[in-house]
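Written below as structure tokens is the structure these notes are about.
Values quoted throughout were computed directly from the atomic coordinates according to the rules given, and no laboratory measurement underlies them. Model, not experiment: these values are computed from the prediction. Every residue, glycine among them, receives a Cβ derived from its backbone with ideal geometry; neighbour counts consider all protein chains shown.
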Amino acid sequence: RLPERVTVYEVGPRDGLQNEKSIVPVDVKAEFITRLADAGLTTIETTSFVHPKWIPQLADAEDLLGVLPRDPLNRYPVLVPNERGLDRALANGVTEIAIFGSATETFAQRNLNRTIDESLAMFEPVVRRARDEGLWVRAYVSMVCGDPWEGDVPLAQVASVARRLMDLGCSALSLGDTIGVGTPGQVTALIGEVVGAGIPLDRIAVHFHDTYGQALANTLAALRAGVTVVDASAGGLGGCPFAEVATGNLATEDLVWMLDGLGIETGVDVRKLAQTSLWMADRLGRPSPSRVVQALAPK
Ligand code: HMG
Ligand code: MG
């Protein structure tokens with residue numbers, strides 16, 4: 001059985017723009033986010049309070065939040081890896097954050113400069129303080145379907161890291177196929193394993209990158225397994241600079257086209273969204289990889 005409604009968790013401004021070669025000006029980012037909200041997206045991951053040398057594309061997080069008109073009915077989560085990041089987020093009026101762990105040691109080291117244990121120790125005070133301040137906290141776990149350095153990642157290993165992240169006090173979990181290698185059977189098994197580890201379905205989101213063209217099929221498998229929150233990035237922007245084999249996220253337009261066809265409500269206007277992605281593609285100087293954006297482009 002498929003859900004009647006799906007929440008689209010838009011990650012384009014963060015996961016998308018963090019991987020662009022060029023640095024997008026603050027006013028373009030603010031307009032992008034405003035247009036995404038106009039197209040009906042209610043949860044928009046806005047930026048990251050990470051080390052500016054690690055992700056120069058998002059070094060303007062303070063400036064962006066300073067100029068971004070935020071609709072009080074929408075949610076604008078940001079990535080926060082450590083207490084320094086949390087301090088910066090709190091100083092800028094953030095009310096929703098996401099920490100981001102890894103199912104594998106190699107990626108934990110490359111992305112966070114920490115072992116898995118050390119990264120959990122880094123996240124612990126972040127989640128505790130965030131909760132004390134009344135913030136909503138999401139936990140990502142990366143490399144859930146495979147790792148470019150370690151190969152296959154055992155499901156039990158993913159579920160164990162997911163459990164440990166959630167036990168810190170997070171409200172939601174996003175399962176990240178960072179390099180887009182997963183296939184639908186694997187996704188079904190993964191969700192079963194994570195639910196079996198005691199994480200309720202209504203807290204689980206899926207986060208697919210489309211490197212191998214599997215993201216939409218994987219999403220359908222996740223919906224069939226009972227997941228109702230799906231991460232996607234407008235126009236299919238994105239990747240991860242510390243996992244070079246990662247290309248863009250599942251394109252939000254591709255997702256919404258499929259969900260519209262299935263009669264699943266999202267509140268998103270796919271045509272309006274595609275116009276925004278075409279506009280953004282112009283700003284970035286390259287076409288959107290999304291098939292739906294290409295199909296809806298004026299000929
Ligand atoms: P580190 O070098 O170990 O940092 O990096 P440190 O704790 O040793 O601190 C070194 C210096 O950095 C200190 O300054 C800190 O204050 C400063 P000093 O005292 O030397 O002058 N510093 C900071 N400054 C500003 N903001 C901060 C901050 N933290 C420390 N937040 C660190 C550790 C975690 C900071 C670093 O590894 C980092 O920033 N990593 C972020 C990497 C990242 O953003 N990756 C992409 C997002 S993850 C992703 O895309 C996957 C996902 O989409 C899901 C999926 O697809 O699977 C979520
Ligand atoms: Mg990602």
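From the alpha carbon gyration tensor of segment 36-111, can you work out the equivalent ellipsoid semi-axes (sqrt of 5 times each eigenvalue) and give them in Å, largest to smallest?
23, 15, 11
With only alpha-carbon atoms in the gyration tensor, what are the semi-axes of the equivalent ellipsoid for segment 88-172, in Å, largest first?
For segment 88-172, the ellipsoid semi-axes come out as 25, 13, 10 Å.
Please state the equivalent ellipsoid semi-axes for segment 22-176: what are the square roots of 5 times the Cα gyration tensor eigenvalues, largest first, in whole Å?
Value: 27, 17, 15 Å, ordered largest first.
Assuming 0.692 mPa s and 37 °C, estimate D for segment 238-299 with Stokes-Einstein, Rh taken as the Kirkwood radius over Cα pairs, in µm²/s.
Answer, rounded: 261 µm²/s.
Give me the lysines in straight-line cross-link reach of Lys29: C-alpha distance below 21 Å, same-chain residues under 8 apart excluded.
Those lysines meeting the cut-off are Lys21, Lys53, Lys272.
For a quick protection proxy, order the peptides 195-201, 207-213, 85-91 by their average other-Cβ count within 10 Å, most packed first.
Top of the packing list down: 207-213, 85-91, 195-201.
Find the Cα radius of gyration of the chain, compare it with 2.2 N^0.38 Å by division, and give the number to two decimals.
After normalising by residue count via 2.2 N^0.38 Å, the value is 0.91.
Arrange Glu253, Glu244 by Cβ neighbour counts within 10 Å, fewest through most, would you?
Glu244, Glu253
Which whole number of Å³ per residue matches the convex hull of the alpha-carbon atoms in segment 151-272?
Per residue, the Cα convex hull of segment 151-272 comes to 112 Å³.
How large is ³J(HN,Hα) for each residue in segment 157-172, as worked out from phi by the Karplus curve 6.51 cos²θ - 1.76 cosθ + 1.60 (θ = phi - 60°), to whole Hz, x for Gly and Pro?
Computed from phi, the couplings for segment 157-172 are 5, 4, 4, 5, 5, 4, 4, 5, 5, 5, 5, 5, x, 6, 8, 8 Hz.
Binning at 5 Å from 0, report for segment 1-49 what percent of all alpha-carbon pair distances ends up in each bin.
5, 19, 27, 22, 12, 7, 5, 3, 1
Using 0.36 nm per residue, how much length does the chain from Glu118 to Ile264 gain when fully extended, once their Cα-Cα distance is taken away?
48.5 nm
Note down the relative contact order for segment 130-278 as a percent, whole number, built from C-alpha pairs under 8 angstrom at least six residues apart.
Reported relative contact order: 20 percent.
With the contact rule set at Cα under 8 Å and sequence spacing of 6 or more, what percent relative contact order holds for segment 1-139?
20 percent
Given R₀ = 25 Å, what would the calculated FRET efficiency be for Thr183 paired with Ala156, taking r from the Cβ atoms and rounding to 0.05?
0.85
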